[in-house]
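The next block holds one structure in the form of structure tokens; read it before the comments.
The values are calculated or read from the model by the stated rules, or taken from the named source; none is laboratory data. Owing to the predicted nature of the structure, the values given are computational and were not obtained by experimental measurement. Cβ sites come from the backbone with ideal geometry, for glycine too, and all protein chains shown count toward neighbours.
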Amino acid sequence: MAEVELDCMGEACPIPLVKAQKKIEELAVDDILIVHIDHSCAMKNLPEWAREAGHNVEIEEIDDGEWDVIIEKVK
Amino acid sequence: MSDTPTAAPGGGTGGSIRRSLRSTPSKRRKKKNQIPMGLAVLAFIVIGIVLLAGGSPLLAFFWLTGNVFGFVLQKTRFCFTAAMRDPYLTGGTSLAKAVLVALAVTSIGFVAIKYGAHAQGLPIPGQSFVVPVSLATVAGGTMFGIGMVISGGCASGTLMRVGEGFGMQMLSLFFFVVGSFWGARDFGWWTLHFIARGKAIFLPDIFGWLGAIVVQLAVIACLWIAADKWAKHKSAAEHQ
């Protein structure tokens, strides 16, 4: 069960999502992808996409305006 | 962590995802209490209303609606850019549908205001915003669309995220201002050579007042259904 971190600090809206989409394809089932973001818009569309794709998602607010989106690849 | 959402529907576990200690942020700072600052900002807004109302009630109203609009925009994560972009990029259309609902609601409001004035024999307000449509509109929209996807926000979205403190978009805002300034400078030329060649269409002139709102709402409803179907179609394709 690997764990991969993706640093998307300072990246505007679609970039974290596109990076996460590409990354998750490389991962195996049960791997965990942690995306660091500080763009509020990505806080919405990243979890939305991941849930839609059927993965487990959690959001953790690290600091004011900084979040970790934790995605567990389910399938 | 009150805003942590529950596990994904259909995801199964329902519990939290175990992450390794390595990646768990150890040096977590204690968050500052933001309530005093929030109250200060609220007081600032109220004082602004009072001060402005003395000089110009209209300005006070703009100040209030501007603040309220910004608040709603931030809290709902409403984003016109994402509404246009996500259907293609991720297949998510929840924001696109939200924009359509907003358009439907404002359409009804605008008809109420405009028809109200018309029925009383007053000049219809806001008619100077009925401007010609042509291929120039499509070209301009496409260019604006490319720009807003690259810069990560349209006008309102950029302003809202600058307010949130997202540094990169301060750059967007700066060049947005530069671009607007340049556009305003040459607007006469564009109007003369391109925009004025189109035809201004005011729907009530064509369909009548009732017809206009019915046609407009019907078009919005069709787009809403299309957006809904599109999301299901994309999600079904992904699950295969």
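The set of residues from the range B:157-175 being within 22 Å of residue B:99 (Cα to Cα) and without any contact (Cβ under 8 Å) to a residue 24 or more places away in the chain comprises B:158, B:161, B:162. Of all the listed residues (B:108, B:146, B:124), the sole one being without any contact (Cβ under 8 Å) to a residue 40 or more places away in the chain and not in a loop (DSSP other than H, G, I, E, B) is B:146. The single residue among B:100, B:135, B:122, B:89 that is more than 30 Å from residue B:38 (Cβ to Cβ) and in contact with a Leu (Cβ under 6 Å, 6 or more places away or on another chain) turns out to be B:100.
Could you list, in sequence order, all residues of the range A:1-13 that are surrounded by fewer than 22 Cβ atoms within 10 Å (Cβ to Cβ) and within 7 Å of chain B (Cβ to nearest Cβ)? Listed by number, the residues that qualify are A:3, A:5, A:10. With respect to the conditions (1) surrounded by fewer than 13 Cβ atoms within 10 Å (Cβ to Cβ); (2) more than 15 Å from residue B:213 (Cβ to Cβ), residue B:133 lacks only one, and its number is (1). Against the numbered list (1) within 7 Å of chain B (Cβ to nearest Cβ); (2) modelled with pLDDT of 85 or more, residue A:33 comes up short only at (1). Within the range A:36-75, the set of residues being under 23 Å from residue B:81 (Cα atoms), facing chain B (nearest Cβ under 7 Å) and in contact with a helix residue (DSSP H, G or I) (Cβ under 8 Å, 6 or more places away or on another chain) comprises A:39, A:40, A:41, A:44, A:45, A:48, A:49, A:52, A:53, A:59, A:65.
From the list B:162, B:177, the lone residue that is within 13 Å of chain A (Cβ to nearest Cβ) and under 26 Å from residue B:65 (Cα atoms) is B:162. Scanning the range B:168-226 for residues that are outside any helix (DSSP H, G or I), surrounded by 13 or more Cβ atoms within 10 Å (Cβ to Cβ) and either within 19 Å of the chain's Cα centre (by Cα) or among the basic types (Lys, Arg) (or both) yields a count of 0.
Residue-level check: of (1) within 22 Å of residue B:92 (Cα to Cα); (2) at pLDDT 85 or above, residue B:156 misses just (2). Take residue A:23 and tell me if it is in contact (Cβ under 8 Å) with a residue 12 or more places away in the chain and among the charged types (D, E, K, R). It is true that residue A:23 is in contact (Cβ under 8 Å) with a residue 12 or more places away in the chain and among the charged types (D, E, K, R).
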